[in-house]
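Here's the structure, in structure tokens; my notes come after.
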Amino acid sequence: MPVKLQGAVALRKALAIVEPTLAKETSKEIASFLKPVVNNARGFLPSNEQAPSGWLKRSNAGGRWANRSYDYQEARKGITFKSSPSKPNRRGFVALASIFNKSAAGAIYETAGRKSGITGNFTPRLGGQLVGKGQKMTGRAIFRAFEDDRGKAQDGVVKAIFKAKDKFDSMKDKV
Amino acid sequence: MADLRIDLASEFKGKKAFKEADKAVSGLDRAVGKLGKQFIGLFAAQKLYSYGKQSFKAFAEDEASARRLATAVDNLGLSFSQTRISDFIQNLEQSAGIVDDVLRPSFQALLNTTGSLTKSQELLNNAIQISRASGIDLATVSQDLANGYVGITRGLKKYNTGLTQSELKTKSFNEILGVMLAKSAGAAQSYLDTTAYKMDVLTVATDNAKETIGKGLVDAFARIGGGSDAKDAAKAIDNIAKAISGVVIALGTAIGLVEKFRKGYTNFIAGGDVNALMAGTPASTNRSKSPAGTAARTAQQRAAEAAAAKRAKELANLTKKQVSANKALTAEQKKQADLKKAGSVFDLEQIQILAALKGSVSEEDRTRLQAQAAILNGNAVLATDLTKKILMAQDASGGLYAYFLAIGDAKIKNPFAFLDTWLEEFMNKLNNLKFPDPNNPYGGNYPGNNGKRYTTSSVSQTVSSNALVQDAFNAVQAFQLASGSNAAEAAVLALDSARYTALGQAYAGYRAPTGDTIINVQVEGSVIREQELIDKVMAGTQLSSLSGSPSQIGRIAGMFG
């Protein structure tokens, strides 16, 4: 579960207005903690050769599976991070930093079998390993990488925000 | 498609739904507030009703208590002093911080006993002082003092006066009261500085307010009074109570005025006093309109005081008589004891002991005699001392004396226990003694006897019963034969019957011998004593000598002829 902070969004906004340099530094520092996770997650994706042959892109593909075909490059591009605050979700929470798996194929690879198990003709052929805590935090790419990271990225983000706060406070005192 | 993402840190910023929820909650809050206010109103009304009930109850109890006291005062002939008593109770309630519900019964108990108003007031003040010092409730102290006033001093023991039981019985009430007051001096004054007293004052004020307008308003009055100081709060409560009481009185007066106006208007219409016109003119009695005047009250009080003084004098005389009677009894008992002591001089046993003591006896015997004399005279201390001396002389180690002291101690075993055992064994042996059977002299040891052992009683019973049975059988047979033709056989059986009867009677007699065994020894001739025999022999020899046949004695040969 994500760590809940109070005032971090306001701090980031304040930094962006008052101390853009510090805001950029903070973003960079947060990114430095997220990048290893993203890179690791990308590494868990199967290559086109490893993916099931029937899932690959075909020229004559049609129907609902025409846009769901797997392409390694596309799936790789879909795994990203974001160090700026997000929009509030349905429950009113704003994420200060996030890691995404945006592509359809990447999402299928990430989540296939985590609810109904490794059964049928397709899921067992995907390979990889479902890792994580609970159904919603389990996956083969980003969730596995996040689990392997053992919370270092999360701690790093929080520390970066607190560091920015301290710096901002010291700057205010100087002013 | 579900957005696959991991949020590393987040912050709650709220959203529209929350605003809606907040609005809804605010609305609910307002509704709850409204409901709460309504509930508080209802609750307050209920509390007010409840307090009203309490107030009514308190007033009823207070009225009953006051009525009891008033009746007691009337019965004592002090009806004109009702106001003074009421004032006294009220003042005491304020100064001592004791509610009138407690003061009235206490005062009533004292007044009933003493019959004197001044003495009761004095004793009630004393009771308060003693109660403060001892921590015992005022009602109990008052009752004890009332009892003590008439000579029942048993209840005064619990106040730890330091007086003995006999002193409590012999000393006068005033003397005992003096001791009690001396021991509790200053207690009432020092109690006035305690928080407990302040609480008492508050309690009194609250109680009065409850009695007047209901306890339900007391909390509100306390807040009006500031609530920091109990005394101030009490004063505020009292003032407000009086004010409310005043309002009620004013309201009553206003209603009375309306009634007065109505009467006046009616009289105006009627052309005079309607009631007077209807009733006519009452006859004059020439008596004072105010019979409860000072003179009457004073006279009544003087009479009551005189009666109380008379009663007190009688009580004092009675106590004096009791004391003198007790003294006379004690003197008589002492006299009797002296006489007994003097009489002991002529006690034969004591005389013997004293005579022995005058003689030449050993030191140990002297001590023993002295101990005996001490025991006879009832001198326990000397007897114990001398006994110790005797026992220590016998066993210097003190073991014997220790054993003597331990006599009667349950832990020491009976030294004659072996005798009990011996007696038990002896009894068993006696019980096991066998009566020899003439047919079986060896008892159970005789072969063929199947191990049976016969005792005297069993043998005689068996033989006797068998003989009687046979006798009965024969009698029946004889009767049958006699009724038939065989007369000879019947005669034989009758003889047998007689024999068996005799045998049975013999065994029965043997079995239960009665009376002492008397042995008669018959001796022929006369028996004389040795000296008489000698005298006879001498007389015989003398007679023979005189008749010419002298006796000869050969001492050496041992011959006499």
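Please treat every number below as a calculation from the coordinates, not as lab data. Remember, it's a predicted structure, so these values are computed and weren't measured experimentally. Neighbour counts are summed over all protein chains in view; Cβ atoms, including those assigned to glycine, are modelled from backbone coordinates with ideal geometry.
Between residue A:68 and residue B:12, how high is the FRET efficiency from 1/(1 + (r/R0)^6) when r is the Cβ-Cβ distance and R₀ = 35 Å? Nearest 0.05.
Efficiency, rounded to the nearest 0.05: 0.50.
Can you give the net charge of the other residues whose Cβ lies under 15 Å from the Cβ of residue B:168, counting K and R as +1 and D and E as -1?
In short, +3.
Pop out the ³J(HN,Hα) list for region B:67-80 in order, Karplus 6.51 cos²θ - 1.76 cosθ + 1.60 with θ = phi - 60°, rounded to Hz; leave Gly and Pro as x.
Taking θ as phi minus 60°, the curve returns 5, 4, 4, 4, 5, 4, 5, 4, 5, 7, x, 10, 4, 6 Hz for region B:67-80.
Would you mind computing, in nm to one decimal, how far apart the modelled labels at residue B:318 and residue B:30 are, each placed 7 Å from Cα along Cα→Cβ?
In this crude label model, residue B:318 to residue B:30 measures out at 8.3 nm.
For residue B:10, list long-range residues whose amide hydrogen, built 1.01 Å from N in the peptide plane, is under 5 Å from its own amide hydrogen.
A:3, A:4, A:5, A:96
I'd like to compare A:130-139, B:134-143, B:327-336: which one has the highest average count of other Cβ atoms within 10 Å, and what's the full order after that?
B:134-143, A:130-139, B:327-336
In whole Hz, with x marking every Gly and Pro, tabulate ³J(HN,Hα) for region B:348-353 from phi via Karplus 6.51 cos²θ - 1.76 cosθ + 1.60, θ = phi - 60°.
Calculated HN-Hα couplings, in order: 4, 4, 5, 4, 4, 5 Hz.
When a/c reaches 1.5 or more, the comparison of a/b and b/c decides; with that in mind, is region A:72-128 rounded, prolate or oblate per its Cα gyration tensor?
It is oblate, given that a/c is not under 1.5 and a/b is not larger than b/c.
Take B:389, B:340, A:152 and order them by how many other Cβ atoms sit within 10 Å, fewest up front.
So the ranking, lowest neighbour count to highest, is B:340, A:152, B:389.
Is it possible to state the helix-based mean residue ellipticity at 222 nm for chain A, with each DSSP H run of 4+ residues giving -39500 (n - 2.57), the sum divided by total residues, to the nearest 500 deg cm²/dmol? What is it?
-15000 deg cm²/dmol
Give me the distance in nm between label points sitting 7 Å out from Cα along the Cα-to-Cβ direction at residue B:430 and residue B:402, one decimal.
4.0 nm
Using a 10 Å cut-off around each Cβ, can you sort A:29, B:532 from fewest to most neighbouring Cβ atoms?
Ranked by crowding around the Cβ, least crowded first: B:532, A:29.
Once both labels are modelled 7 Å past Cα along the beta-carbon direction, what's the residue A:61-residue B:305 spacing in nm?
Distance between label points: 12.8 nm.
How do the peptides B:542-553, A:97-108, A:140-151 rank, highest first, by the average count of neighbouring beta carbon atoms within 10 Å per residue?
A:97-108, A:140-151, B:542-553
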